[in-house]
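Engineer: I have a structure I would like to understand better, so I am pasting it below and will then ask my questions one at a time.
The values are calculated or read from the model by the stated rules, or taken from the named source; none is laboratory data. Computed from a predicted model, the values in this text were never measured in an experiment. All Cβ positions, glycine included, derive from the backbone under ideal geometry; neighbour counts span all protein chains shown. Quick note on the areas: whole protein, heavy atoms, side chains included, nothing else; ligands and nucleic acids left out. Shrake-Rupley method; radii C 1.70, N 1.55, O 1.52, S 1.80 Å.
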Amino acid sequence: MIFVTGGAGFIGSNFILNWLQSTDESVLNIDKLTYAGNLTNLKSIESSPQYSFAQADICDADKIKSLFKAHRPRAILHFAAESHVDRSIHGPAEFIQTNIVGTFNLLQASLEYWRGLDETEKGRFRFLHVSTDEVYGTLDSKDPAFSETTAYAPNSPYSASKAASDHLVRAYYYTYGLPVLTTNCSNNYGPMQFPEKLIPLVIHNALGGKSLPIYGDGSNVRDWLYVQDHCEAIRVVLEKGRLGETYNVGGWNEKRNIEVVDAICDFLDQVRPLPSGVKYRDQKVFVADRPGHDKRYAIDASKIEKELGWRPTESFETGLKKTIQWYLDNEEWVRGVVSGSYREWFGMNYGGRV
Ligand code: NAD
Ligand code: TYD
């Protein structure tokens, strides 16, 4: 079996659903169930004999050790993290704890377990660390895209904590020989993303008649990748990636934030026009910028293509349409996650901006 940490979150749950569709190998989902963890994402497979769930904090060393002992996985895919930049600005402590201490704890437990395996099992074991392009910092408009050799220069508490975790993963390979792999991916979007991130937030607010908050002038650039393409890349790296290597994963798809928001508004105008005839774009509001807001991210994903034959299959247009349609078809899901604590977050993050 494989372990997936953070499998109740956005990418982890998409990954588990994809995994169960394409293999008969079992998965143990290890998740603390923070505000971002949602087991309804996995409702369709909860009774599958291939799937099991352990509610656990990755910082809990004894618990993690006991899971290794009981289940003897052949790989651990590490998605669990505090993942939202704005939350890291308001409260970095959880990011240090989960992203750095939690990753250290998983590495240490993996190492102890791996050392006890026989030679064949040892050779097969993998620790795959799911990370972000944000560790590389920010680019100017004419700079070349991030490659695997770009120097780390994180600018937010989130990206700094992920950078630290990447370094620890690397160190466990060079110092102890633990068979690790790291992926650094650009911004994901798709079904089941918590509506604090730009794309689901804009869809949710547009449909609710609320303002669409654009930080600064909307010219910041992100590279966008449809979540299933990311899941596929992770599977390929797990299967064929060279030990100790990092692989950049991206969509070859840079967009300014304003273009992303406009594209969502225009698609909603087609599929869910407002009865008043007013356009969704009228809900856009420019608000105070995020402190330390990285100007541009761009990924050079040629290494994973050349070495492992992976390329994204979804274009931004097709991926965005699928995503918007999913949110239209799953309003119940959105209502479920937009809890009291979400409303408090909204007041804290956006209250002082307008
Ligand atoms: P998410 O916030 O949607 O989900 C995170 C999951 O981790 C949740 O289920 C949460 O309950 C769980 N978790 C948090 N702290 C935990 C702890 N201490 N112990 C156990 N579980 C814990 O995040 P996501 O967007 O699915 O991101 C998954 C991974 O991918 C993260 O490592 C993130 O850095 C990375 N990543 C995300 C993106 C993106 O655009 N979302 C892009 C590149 C890389
Ligand atoms: P986000 O989805 O938070 O991802 P990240 O910060 O990891 O890139 O934000 C994507 C971009 O959208 C980023 O440049 C910040 C911007 N943004 C807004 O303009 N308004 C918002 O309300 C949010 C959440 C993000």
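Engineer: Out of the DSSP beta bridges found with both residues in the chain, what percent are antiparallel (nearest 5)?
Structural biologist: Within the chain, antiparallel bridges account for around 10 percent of the total.
Engineer: Right, something else. Dipole of the chain, Cα-centred, from +1 at each Lys and Arg C-beta and -1 at each Asp and Glu C-beta, to the nearest 20 debye?
Structural biologist: In debye, rounded to 20, the chain gives about 180.
Engineer: Sticking with this one: What is the spread of the Cα atoms of the range 180-339 along each of their three principal axes, largest first, in whole Å?
Structural biologist: For the range 180-339, the Cα spread along each principal axis is 56, 34, 29 Å.
Engineer: Sticking with this one: Pop a pseudo-label 7 angstrom from the Cα along the beta-carbon direction at both Leu111 and Ile258 and give the gap in nm to one decimal.
Structural biologist: Placing both labels 7 Å beyond Cα along the Cβ direction yields 4.9 nm.
Engineer: Run the reach check for Lys210 against aspartates and glutamates, Cα to Cα strictly under 13 Å, same-chain hits fewer than 8 apart removed. What comes back?
Structural biologist: List returned: Asp282.
Engineer: Residue by residue, what Karplus-based ³J(HN,Hα) values in Hz, rounded to whole numbers, does the range 259-265 have, using 6.51, -1.76 and 1.60 with θ = phi - 60° and x for Gly and Pro?
Structural biologist: For the range 259-265, the Karplus-derived couplings read 5, 5, 5, 5, 5, 5, 4 Hz, x marking Gly and Pro.
Engineer: Determine the per residue accessible area of the chain with all protein chains present and a 1.4 angstrom probe, expressed in square angstrom.
Structural biologist: 42 Å²
Engineer: Considering only protein heavy atoms and a probe of 1.4 Å, how much of the accessible area of the chain is carbon and sulfur, as a whole percent?
Structural biologist: On the chain, the fraction of accessible area on carbon and sulfur atoms equals 51 percent.
Engineer: What percent do you get for the relative contact order of the range 78-148 when only Cα pairs under 8 Å and 6+ apart count?
Structural biologist: Worked out over the range 78-148, it gives 32 percent.
Engineer: Okay, next question. Assuming 1.567 mPa s and 4 °C, estimate D for the range 110-176 with Stokes-Einstein, Rh taken as the Kirkwood radius over Cα pairs, in µm²/s.
Structural biologist: Answer, rounded: 93 µm²/s.
Engineer: Which value in deg cm²/dmol, rounded to the nearest 500, describes the helix-derived mean residue ellipticity at 222 nm for the chain, given -39,500 (n - 2.57) per DSSP H run of n ≥ 4 and division by the residue count?
Structural biologist: -12500 deg cm²/dmol
Engineer: Separate question: Calculate, in nm to one decimal, what Arg290 and Tyr152 gain on full extension: separation in residues at 0.36 nm each, minus their alpha carbon distance.
Structural biologist: Taking Arg290 through Tyr152 to full extension adds about 47.6 nm, to one decimal.
Engineer: Ok, one more. Which pairs break 24 Å Cα to Cα here: Lys63/Lys197; Lys32/Lys69; Lys197/Lys284; Lys255/Lys284?
Structural biologist: Lys63/Lys197
Engineer: Straight-line reach from Lys303: which lysines have Cα under 20 Å away, leaving out those fewer than 8 places along the same chain?
Structural biologist: Partners within reach: Lys240.
Engineer: Taking the alpha-carbon set of the chain, what are its Rg and Dmax in Å?
Structural biologist: Answer for the chain, Rg first and Dmax second: 19.9, 68 Å.
Engineer: For the range 24-117, take every pair of Cα atoms, bin their distances at 10 Å starting from 0, and report each bin as a whole percent.
Structural biologist: 14, 44, 32, 10, 0
Engineer: If amide H atoms are built 1.01 Å from N in the plane of the peptide, which residues on other chains or at least 5 residues away come under 5 Å of the amide H of Asn187?
Structural biologist: Asp223, Leu225
Engineer: The range 202-276: which trypsin sites (Lys or Arg not before Pro) are DSSP loop and have at most 15 other beta-carbon atoms within 10 angstrom?
Structural biologist: Counting only loop positions with at most 15 other Cβ atoms within 10 Å, the trypsin sites (Lys or Arg not before Pro) in the range 202-276 are Lys210, Arg242.
Engineer: Angle between the Cα long axis of helix 227-240 and the longest principal axis of the chain, 0 to 90 degrees, nearest 10?
Structural biologist: Taking Cα atoms only, the helix is inclined about 20 degrees.
Engineer: Stick to the Cα atoms of the range 32-71, pair each with every other, and give me the Kirkwood hydrodynamic radius in Å at one decimal.
Structural biologist: For the range 32-71, inverting the mean 1/r across all distinct Cα pairs yields 11.6 Å.
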